[in-house]
Amino acid sequence: MRPVAIIGAGKTPFGAFPDLDLRALAVAAGEKALHNANLEPAAVESFYLGNFAGPEFTAQNHLAPYISTALGMTGIPSTRFEAACASSGAAFFQAFMGVASGFYDVVMVVGVEKMTCQPTLRVTEILAGAGDCATEVKAGSTFPSLFAMIARRHMHDFGTTRAHLSAVAVKNHENGALNPDAQMRKVITLEQAMNARPIAEPLNLYDCSLISDGAAAVVLCAADRARKFSERPVKVLGVAQASDWVALDRKTDITTFAAARGAAKKACEMAGLGPGDIQFAELHDCFTIAEIVAMEDLGFVARGRGGFFTAEGGTRRDGPMPINASGGLKSKGHPVGATGVAQICDLVQQIRCEAGDRQLKRHSVGLAQNLGGSGATCVVTILGGF
Amino acid sequence: MRTGLVYTETVVHLAPERFAADVPYQVVIVKLDDGGSITARVDGERVAIDDRVVETGVRDGISFFRKQRSNRIGPP
């Protein structure tokens, strides 16, 4: 296996864009990444698409060549990967292996989702398809309700509080307000966050990420060739993917995700690093409780301490472990299939010192954690400077 | 009828159209006394973690449980 670098990154703003269809979003992000890599489309040898539910949201299928040809790439392998909210993390993992194995020198990964073309209740139904439809979904579970049950048990077992959950939302909105590409650039108070209307108790509106349109793209290259294209390549230090049961009721303990722990362990081993070496992270805060569980699974804090650490300010931009300086899924937006690659773009931005008002002091080793469903897939990626 | 302990629970306020008429409704994961777990709905009063529950039946393919009365004779 040989070292791999990211030579280009680009994404669209996240939000509701009635005039941009799924392909237009994906092409916009792809072109930005190509431009950022100083690369012509013809140099790309394979195309990897991360997308969760394009066919359900837009009726269009066969999405990978539909997008890659529009980007000016013809004749190359072009394939879509689906792993719920970890779709583009999974596509990135496959793309990494394509280059690391020596099979390709230059590949592109795009993540995209077009969601706002459907009404909210239909979106909830489509997202529920990432759960076990024969059991939990049939009984009336929605995605907010699955994470609500995780939150309830976490509160019961560890003393996590309503205010701890809201502290995640307040912090992520504070960061997102500084991100020009974020969907909801709005600072919220703890009182607002705690008293919003209930969605699935104990989770309320401000515990839930957004319904978004958006796309993100990166270009990967063999590390020894990276400087031919980019003045500021970023190294993939480690990446791993793991899986678990889809149904929440099949997990022995729902306050931790085995797939997240497994992927983190492997990615850290590949990088030769431990949790203490990670300087900042983008974690999958599809719901506030998910960020708390993730920081515990990754070993940034002890089991059960995630909520307390957040309320103490530990994850703020000026804290000891900055989490979601981008605003996270919560404020930046969560176009499901785009999220995994978008997190990687956010790491690249920090490592290159291009994050503007959100720029962190310690930014040379960052980690992204991309979770699918209620923990059935997890991809963990660690990036660092050259 | 199956019995068990409530492992976790939520009350759903926003649901897809086919469940919209039921809102708000409680969803639970029950650790069954005979082993395994099940995601189910709740009949009657709201239940909390560690409550003992008993299955009341299956309607439209969905299992329903209710809080077990404390004087009821059943498994420990």
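The values are calculated or read from the model by the stated rules, or taken from the named source; none is laboratory data. Since the model is a prediction, treat every value here as computed from it, not as a measurement. Positions of Cβ are generated from backbone atoms using ideal geometry, with glycine treated the same way; all protein chains shown enter the neighbour counts.
Within region B:9-23, which residues are touching a residue at least 12 places away in the same chain (Cβ under 8 Å) and aliphatic (A, V, I, L, M)?
B:V11, B:V12
Would you check which residues across region A:349-382 are surrounded by fewer than 24 Cβ atoms within 10 Å (Cβ to Cβ) and not in a loop (DSSP other than H, G, I, E, B) and list them?
A:Q349, A:G356, A:D357, A:R358, A:V365
Could you grab the pairs with beta carbons closer than 9 Å, sequence gap of 6+ or different chains, first residue in region A:276-298 and not assigned by TED's automatic domain parsing to the domain that holds A:K332 and among the charged types (D, E, K, R), second one surrounded by fewer than 24 Cβ atoms within 10 Å (Cβ to Cβ) and in a loop (DSSP other than H, G, I, E, B)?
Matching pairs, first to second residue: none at all.
Within region A:104-123, take every residue that is over 19 Å from the mean Cα position of the chain (by Cα) and among the β-branched types (V, I, T) and give me the one that is surrounded by the most Cβ atoms within 10 Å (Cβ to Cβ).
A:V107
Looking at region A:307-346, which of its residues are β-branched (V, I, T) and not in a loop (DSSP other than H, G, I, E, B)?
Let us first name the residues in region A:307-346 that are β-branched (V, I, T), namely A:310, A:315, A:323, A:336, A:339, A:341, A:344.
Of everything in region A:307-346, those that are β-branched (V, I, T) and not in a loop (DSSP other than H, G, I, E, B) turn out to be A:T310, A:I323, A:V336, A:T339, A:V341, A:I344.
Within region A:72-85, is even one residue in a helix (DSSP H, G or I), more than 24 Å from A:P3 (Cβ to Cβ) and in contact (Cβ under 8 Å) with a residue 24 or more places away in the chain?
Initially, region A:72-85 is screened for residues in a helix (DSSP H, G or I), giving none.
Taking every residue of region A:72-85 in turn, none turns out to be in a helix (DSSP H, G or I), more than 24 Å from A:P3 (Cβ to Cβ) and in contact (Cβ under 8 Å) with a residue 24 or more places away in the chain.
Of all residues in region B:15-46 being modelled with pLDDT under 95 and touching a Leu at 6+ places or on another chain (Cβ under 9 Å), which is surrounded by the most Cβ atoms within 10 Å (Cβ to Cβ)?
B:A15
Considering A:A325, A:A281, which residue is closer than 17 Å to A:V187 by Cβ, buried (at least 18 other Cβ atoms within 10 Å of the Cβ) and of a type in the set (A, V, I, L, M)?
On the way: A:A281 fails: closer than 17 Å to A:V187 by Cβ.
Selected residue: A:A325, the only one of A:A325, A:A281 that is closer than 17 Å to A:V187 by Cβ, buried (at least 18 other Cβ atoms within 10 Å of the Cβ) and of a type in the set (A, V, I, L, M).
Where in chain B are there strands (runs of 3 or more DSSP E), lying fully within it, with 3 or more residues that are within 22 Å of A:A247 (Cβ to Cβ) and within 7 Å of chain A (Cβ to nearest Cβ)?
B:3-12, B:25-32, B:37-42
I need the full set of residues from region A:129-149 which are in a loop (DSSP other than H, G, I, E, B), within 7 Å of chain B (Cβ to nearest Cβ) and in contact (Cβ under 8 Å) with a residue 12 or more places away in the chain, in order please. Show your work before the answer.
Start the filter on region A:129-149 by keeping residues that are in a loop (DSSP other than H, G, I, E, B), which leaves A:129-142.
Then keep just the ones that are within 7 Å of chain B (Cβ to nearest Cβ); that gives A:135-136, A:138-142.
Residues satisfying the conditions are A:T135, A:E136, A:S141, A:T142.
Please tell me if A:E31 is closer than 24 Å to A:V234 by Cα and surrounded by fewer than 22 Cβ atoms within 10 Å (Cβ to Cβ).
For A:E31, the condition - closer than 24 Å to A:V234 by Cα and surrounded by fewer than 22 Cβ atoms within 10 Å (Cβ to Cβ) - is met.
Please pick out the residue among A:A271, A:A216, A:A247, A:A222 that is assigned by TED's automatic domain parsing to the domain that holds A:A100 and more than 18 Å from the chain's Cα centre (by Cα). Quick ask: steps written out before the conclusion?
Values: A:A271 fails: assigned by TED's automatic domain parsing to the domain that holds A:A100; A:A216 fails: more than 18 Å from the chain's Cα centre (by Cα); A:A247 fails: assigned by TED's automatic domain parsing to the domain that holds A:A100.
Matching residue, one of A:A271, A:A216, A:A247, A:A222: A:A222.
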